[in-house]
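Every read-out reported here was derived from the displayed coordinates using simple, explicitly stated rules and does not represent laboratory data. Small disclaimer: the values here were computed from a predicted structure and weren't measured. Cβ placement follows ideal geometry from the backbone for every residue including glycine, while neighbour counts extend to all protein chains displayed.
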Amino acid sequence: MRELTCDVAVIGAGTAGIAAYRAAAKAGAEAVLIERGPGGTTCARVGCMPSKLLIAAGAAAHEARGAGLFGVRVGSVTVDGKAVMARLRAERDRFVGGVFESLDGIEPDRRISGQARFRDHHTLAVDDHTLVRFRAAVIATGSSPNVPKPLQGLAERVLTTDTLFEVPDLPRSLAVLGGGPVGIELAQAMARLGVAVTLFDTGATLAGLSHPDLVRAAREIFAAELDLHMESEIASAEADGAGLRLAWTGPDGSRGEAAFERVLAATGRPPNLAGLDLERGGLHLGDKGMPDFDARRLLCAGAPVLIAGDAAALRPVLHEASRQGGIAGANAAAIARGAAPEAPEPWTNLAMVFTHPQTASVGASYDPDATDRIEGGADFCDQGRARIEGHNRGALRLWADRTGRLLGAEMIAPAAEHLGHILADAIGRGLTAAAMLDRPVYHPTVEEGLSGALSEIADSAAAD
């Protein structure tokens with residue numbers, strides 16, 4: 001077996017792993033990158049990019065059908081499912097190819113293919129061909145889709161985000177299990193492409209929203225395009241031709257049953273930690289098999305090992321994975337040279353869902369029991385620019401402390417991706433609603449929709 005010694009061993013060549021390797025190398029550490037899978041990052045291969053390609057196709061079909069609102073007459077809209085999926089894969093492969101090109105600058109002897117397992121606090125075995133002795137290591141192994149228990153015996157018939165984008169054509173009917181960000185994005189996109197979509201979720205909320213006003217708005221908006229079964233449990237699943245027949249129980253105890261050509265499991269992506277032999281590496285594991293670690297330094301308890309990206313299960317979004325990878329790589333290099341790891345301040349929370357309308361959550365979460373907050377709201381159903389574009393749906397809720405300093409927000413709104421960035425910057429800077437109002441906002445834009453919520457907060461803060 002070949003033996004290799006390095007300062008930093010990075011396990012996983014996804015977004016976090018690549019960032020960790022580069023940060024460690026930039027800090028002067030001798031690093032190696034270990035990858036067992038196909039590579040190309042979750043985002044480019046099975047996440048952000050292919051899902052947005054599907055969403056874009058669905059949006060094109062939806063806009064064509066709705067062109068009559070503007071006096072534009074369009075004949076019947078036909079969706080070529082095979083062409084949709086072919087373009088999706090071609091563009092997806094371009095994005096994945098770009099990731100691979102970015103790795104070309106890493107020397108071949110710094111990249112190792114295979115499954116890594118800890119032998120002890122300072123040694124990894126990669127398959128049966130390489131021993132890697134390290135001073136510090138970074139776990140950046142990503143995540144894999146969860147398949148709900150009733151479907152596990154039929155997993156080969158169940159689509160996940162790892163397999164959905166490989167289907168040659170759009171199905172006639174689709175059951176989506178999970179109304180979180182991934183599930184609702186794909187469900188709406190498929191429905192707009194002409195697929196009969198039924199969405200099931202065990203909870204009452206959609207798209208990661210929690211404010212009750214926005215939860216109600218989201219359910220009303222998405223119910224117009226999807227068959228929603230909220231607070232419902234899948235009781236059983238069985239093969240039905242080439243598809244599946246599902247039985248479920250509703251919130252009132254009623255039972256339903258239907259057959260679907262395809263079923264998509266979108267119920268989360270647990271970290272890829274099985275098979276790493278973490279305990280042999282000296283890590284302290286919790287009840288769920290997750291290592292104990294400092295969420296700012298990303299350093300695991302019990303060993304010179306750091307964890308980043310989806311493997312850490314902190315904020316499973318690309319910009320956070322990239323930053324965490326950079327922090328973990330730099331801290332691994334510091335540990336390797338005997339220095340103390342740093343604990344950077346966390347970024348302002350920023351999460352988005354690219355449905356239509358989009359949703360966003362920014363900063364501090366909604367707290368129904370908070371008594372030290374001021375809340376403001378905005379409605380986009382009659383907002384000027386939103387009406388012009390025919391996208392006038394949704395609302396925004398914004399909260400601040402008693403001085404008017406902005407703390408957080410949630411929204412389901414047109415252009416939420418832009419509103420979310422504006423508010424994330426304001427919250428990160430510690431701005432008040434009054435300070436935000438004293439800034440230029442062009443007319444007519446959706447961004448003007450913030451002014452009502454900001455004014456409510458500013459007026460309440462001034463009255464306190």
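Note the full-extension length gain between Ala340 and Ala235 as 0.36 nm times their separation in residues minus their Cα-Cα distance, in nm to one decimal.
Taking Ala340 through Ala235 to full extension adds about 32.7 nm, to one decimal.
Do any trypsin sites (Lys or Arg not before Pro) in segment 268-309 lie in a loop, going by DSSP, with at most 10 other beta-carbon atoms within 10 Å of their beta carbon, and if so which?
Lys288
What is the fewest-to-most order of Thr355, Thr371 by other Cβ atoms lying within 10 Å of their Cβ?
If I rank by nearby Cβ atoms, fewest first, I get Thr371, Thr355.
Among the lysines, select those whose C-alpha is under 22 Å from the C-alpha of Lys149, and discard any that sit fewer than 8 residues away in the same chain.
Straight-distance partners of Lys149: Lys288.
Quick one: Asp201, Asp464, fewest Cβ neighbours within 10 Å first, how do they rank?
Sorted ascending by nearby Cβ count, the order is Asp464, Asp201.
Dimensions of segment 236-394 along principal axes (Cα, Å, largest first)?
58, 50, 33
Once Rh is set to the Kirkwood radius over Cα pairs, what Stokes-Einstein translational diffusion coefficient, in µm²/s, holds for segment 18-124 at a temperature of 25 °C and a viscosity of 0.890 mPa s?
It diffuses with D of about 141 µm²/s by this estimate.
State whether segment 350-463 is rounded, prolate or oblate according to the following rule on the C-alpha gyration tensor (a ≥ b ≥ c being the square roots of its eigenvalues): a/c under 1.5 gives rounded; otherwise a/b larger than b/c gives prolate, and the remaining case gives oblate.
Prolate is the answer for segment 350-463, as a/c is 1.5 or above and a/b outweighs b/c.
Under 5 Å between amide hydrogens, which residues at least 5 positions from Val138 or on another chain qualify, with H placed 1.01 Å from N in the peptide plane?
It is Ala9, Val10, Ile11, Leu306, by chain and number.
With θ set to phi - 60°, apply the Karplus curve 6.51 cos²θ - 1.76 cosθ + 1.60 along segment 133-147 and write out the HN-Hα couplings as whole Hz, x wherever there is a Gly or Pro.
So the Karplus estimates, Gly and Pro as x, are 9, 10, 8, 8, 9, 10, 8, 9, 8, x, 8, 9, x, 8, 10 Hz.
Take Ala223 and Ala313, extend 7 Å from each Cα along the Cα→Cβ direction, and tell me the distance between the two endpoints in nm.
3.3 nm
Loop-only check: which trypsin sites (Lys or Arg not before Pro) in segment 170-228 are DSSP coil with at most 14 other Cβ within 10 angstrom?
Arg172
Return Asp7, Asp438 ranked ascending by Cβ neighbour count within 10 Å, so the fewest neighbours appear first.
Fewest-to-most ranking of Asp7, Asp438: Asp438, Asp7.
Binning every alpha carbon pair distance of the chain at 20 Å from zero, what are the percents per bin?
Histogramming the chain at 20 Å steps yields 22, 50, 27, 1 percent.
Based on the Cβ-Cβ distance from Asp127 to Val74, what FRET efficiency comes out when R0 is 56 Å, to the nearest 0.05?
The calculated FRET efficiency here is 0.50.
Between segment 45-87 and segment 221-296, what is the separation of their alpha carbon centroids in Å?
Going from one Cα centre to the other spans 28 Å.
Using only the alpha-carbon atoms, what does segment 151-263 span along each of its principal axes? Please give whole angstrom values in decreasing order.
41, 31, 21
Check the chain for me: any Cys whose beta-carbon has no other cysteine beta-carbon within less than 4.7 Å?
Cys6, Cys300, Cys381
Which lysines have a Cα lying under 20 Å from the Cα of Lys52, excluding residues fewer than 8 positions away in the same chain?
Result set, ordered by chain and number: Lys82.
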